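Below: the structure, in structure tokens.
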Amino acid sequence: MFRGKAWCNLTSFLLVAGIAGFSLYGRQVFMNLYLIALFLGILNSYKEGSLIYKMRDLFFLIIGLVAIGLYQTHFGHMSFGSFLNTIVVLGSPLLLYLFGFWLFKIKVLKSNQKYIFPAVFLLFGSLNLGLLNPMGSWPVMGFVFVAFFLNLALFTNKYLVKEALVINSPYFLIAGSVFIFGSGLNMIMVSVQLMGTLIAMVIAKLISSRFNRRLQFYLVVFSTSFILMLAVHLIYINSDYIYEYTEKSEDLELNVPLLYQGDTVTLDHFKGKVLVLDFWHTRCRYCFEKFPEFDKLTNKYRDRDDIQFFSVNVPLRIDKEGEAEEKIESFGYSFEHLFLLGNADHDMFGVQAFPTLVYIDPEQKRLITGSLETSSLVINNSISIIEGLLHPQVD
């Protein structure tokens, strides 16, 4: 089953999806491509058909690497450095692909494809499905989705539970180590992934053993996968939405220089007001897509003088002088603008991705990071956080 043309075509689709993710997000997620190239080489070593068909995904990989190189050179906010460094960075995935392709020609590995092929597919698929939005809930949903359908295929084809656990073990080992040694948002993400994957395996086993009629089987699979994805999404966004970096009793040290209306200030200039800061950079397409929502949130509180909304630009090395100011001011939004003078200064606000909203209380003793979210499905959404800062409960 796992050597069929449908599975090979699916891996090709996942590769293209991964390349699309790299094209959008650049070198931020580039390191994952080394693993993807290795896994793809292993998968293609099992392909049947002509040499051209076997090498088809290698061609996609080469085209993708060229596209990434061009993107980084002309549009990316991180550069590869020297020409030699570019060759090494972009050439390494090709070497790993060939390594995986020829490694699994070894007899002992090839003869155990019953375990190796689906295990590699699981890891490969989970990586790719998360790349289109690496900082959102898609990595979690993507992996659980792949795990559900892979384990459904395993149990439908009479794999034992212990065999399915062996096939899934590489991910559990990797994710488990991240959970044990990680912290903050990574722990939340991995926790939801682990529980979601275990639940997906159990549901896949139940469906494969209880529903034999074709129409009934497909209806149950479709509805179950939808409910599973929705549940994972709701659990994830309610777990991962906010993260508080400070204790209430400690003063924040946020004395980084900011450009405000032509003057250099620090956040002390706005003490006494709740601050809502939207961090962005000029090459972040998603940041620009979220600005209209941030503007609506600003207008919701426009009659209050105890809260202030700012977009906060993080400068990039490739930005031209005045480029950020010109871009943001051309839209005519209601919120005002701050401009960091140093690229690394956003780290002090706990910003790890773009866009990120940072909420600061009037005394500047609490700092909360999150995303722009007003949906009632998210318990700690933007409005509830703002209301909590405007009307703090007395202990």
Residue in the range 148-181 that is modelled with the lowest pLDDT, counting only those that are of a type in the set (Gly, Ala, Ser) and surrounded by 15 or more Cβ atoms within 10 Å (Cβ to Cβ)
ALA175
Just one of PHE217, PHE211, PHE222, PHE226 is open to solvent by less than 50 Å² (accessible area, probe 1.4 Å), at negative phi and at pLDDT 75 or above; which is it?
PHE217
Check whether at least one residue in the range 352-361 is touching a helix residue (DSSP H, G or I) at 6+ places or on another chain (Cβ under 6 Å) and farther than 22 Å from LYS273 by Cβ, and report yes or no.
yes
Matching entry among GLU325, GLU289 (being outside any loop (DSSP other than H, G, I, E, B), under 26 Å from the mean Cα position of the chain (by Cα), more than 20 Å from ASN238 (Cα to Cα) and of a type in the set (D, E, K, R)):
GLU289
Residue, modelled with the highest pLDDT, within the range 363-391, restricted to residues that are farther than 19 Å from ARG285 by Cα, open to solvent by 30 Å² or more (accessible area, probe 1.4 Å) and in contact with a Lys or Arg (Cβ under 9 Å, 6 or more places away or on another chain):
ILE383
Could we say that SER330 is small (Gly, Ala, Ser), on the phi < 0 side of the Ramachandran plot and open to solvent by 20 Å² or more (accessible area, probe 1.4 Å) here?
yes
Would you pick out the residues in the range 303-331 that are in contact with a Ser or Thr (Cβ under 8 Å, 6 or more places away or on another chain) and under 14 Å from LEU357 (Cα atoms)?
PHE309, ASN313
Modelled with pLDDT under 70 and open to solvent by 70 Å² or more (accessible area, probe 1.4 Å) - does that describe any residue in the range 55-73?
yes
Would you pick out the residues in the range 328-367 that are among the aliphatic types (A, V, I, L, M) and assigned to a loop (DSSP other than H, G, I, E, B)?
LEU341, VAL351, ALA353
What about MET201, is it within 26 Å of the chain's Cα centre (by Cα), modelled with pLDDT of 85 or more, assigned to a helix (DSSP H, G or I) and surrounded by 15 or more Cβ atoms within 10 Å (Cβ to Cβ)?
yes
Taking into account only those residues within the range 295-312 that are outside any helix (DSSP H, G or I) and of a type in the set (Val, Ile, Thr), which is surrounded by the most Cβ atoms within 10 Å (Cβ to Cβ)?
VAL312
Of everything in the range 184-198, what is open to solvent by 80 Å² or more (accessible area, probe 1.4 Å) and modelled with pLDDT under 75? Give them in sequence order.
ASN186
Taking only pairs six or more apart or across chains, which ones have beta-carbon atoms under 6 Å, a first residue in the range 205-231 that is without any contact (Cβ under 8 Å) to a residue 40 or more places away in the chain and more than 15 Å from ALA147 (Cα to Cα), and a second residue that is outside any helix (DSSP H, G or I) and open to solvent by 30 Å² or more (accessible area, probe 1.4 Å)?
PHE217/PHE211; VAL220/PHE211
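The values are calculated or read from the model by the stated rules, or taken from the named source; none is laboratory data. Since we're looking at a predicted model, the values are computed, not measured. A quick note on method: Cβ atoms are made from the backbone with ideal geometry, for glycine too, and the neighbour counts reach across all protein chains shown. Note: accessible area is taken over every heavy atom of the protein model, side chains too, but ligands, DNA and RNA are not part of it. Shrake-Rupley method; radii C 1.70, N 1.55, O 1.52, S 1.80 Å.
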